[in-house]
Amino acid sequence: MKLTFELDKDAKRVSGKFVLGKRYAGGAGFAHGGVIAILLDEAMGKISKLSEERAVTAQLNIEYLKPVPVDAEILVEGWQESEEGRNRFRFGEIRDAKGNLLARGTARFVDLTRSKLDRG
């Protein structure tokens, strides 16, 4: 999808503004649920760039709250709430231009960087 996110190192967040286009629409004319999952997974995954670690998605949960338009700008954000060992607990949101929450996700990422270092 060639998604470009802005990294805010001070706020420890990533964000991107997108107009998806009709090719990402599902049957009802709004964004397909799988596309919404991709957007949230990507936003939460980009958090790893802030700490220069390599982490992969281990669990992903999506709440579809309102239809996500494909023909209007949306804001996709991601951030990390906590970490335990190699686990990174992250959150993501999709909002419309008015700030309405359309979808949100939670995920657990596993840091592969430390795993490699621990093995020597």
### Message
Can you compute log10 of I(q)/I(0) for the range 16-68 with the Debye formula, treating each Cα as one identical point scatterer, at q = 0.14 Å⁻¹?
### Response
-0.45
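Pull out the extension gain between F89 and L50, defined as 0.36 nm times the separation in residues minus the alpha carbon to alpha carbon distance; nm, one decimal.
12.6 nm
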### Query
Quick one: helix 33-45 against the long Cα principal axis of the chain, what's the angle to the nearest 10°, folded into 0 to 90?
40 degrees
### Task
Per residue, how big is the convex hull around the C-alpha atoms of the chain? Give it to me in cubic angstrom, could you?
105 Å³
### Query
Who wins for biggest fluctuation among V19, V110, V68 in a Gaussian network model of the chain, springs between alpha carbons below 10 Å?
V19
### Task
Using a 1.4 angstrom probe on heavy atoms only, work out the carbon and sulfur share of the accessible area of the range 25-70 in %.
51 percent
### Query
How much accessible area per residue does the chain have, in Å², with a 1.4 Å probe?
61 Å²
### Summary
Per DSSP loop assignment and a cutoff of at most 13 other beta carbons within 10 Å, the chain keeps its longest run without exposed GluC sites (Glu not before Pro) at 1-51
### Summary
Taking only protein heavy atoms and a 1.4 Å probe, the highest-to-lowest accessible-area order of D8, D71 is D71, D8
## Note on the structure
Computed ³J(HN,Hα) along the range 48-65: with the Karplus parameters 6.51/-1.76/1.60, θ = phi - 60°, integer Hz and x for glycine or proline, the list is 4, 5, 5, 10, 6, 10, 10, 10, 10, 5, 9, 9, 9, 10, 10, 10, 8, 8
## Note on the structure
Relative contact order as a percentage, the chain, C-alpha pairs under 8 Å and 6+ apart, gives 28 percent
### Summary
Simple SL model, points at 7 angstrom along Cα→Cβ for E73 and A97; separation in nm is 0.7 nm
### Task
Could you run the Debye sum over the Cα atoms of the range 1-45, one equal point scatterer each and no solvent, and tell me log10 of I(q)/I(0) at q = 0.18, 0.27 Å⁻¹, two decimals?
-0.58, -1.01
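The values are calculated or read from the model by the stated rules, or taken from the named source; none is laboratory data. Predicted, not measured: the structure shown is a model, and the values here were computed from it. Neighbour counts run over all protein chains shown; Cβ positions are idealised from the backbone, glycine included. Accessible surface is based on the protein model in full, side chains and every heavy atom, while ligands, DNA and RNA are left aside. Shrake-Rupley method; radii C 1.70, N 1.55, O 1.52, S 1.80 Å.
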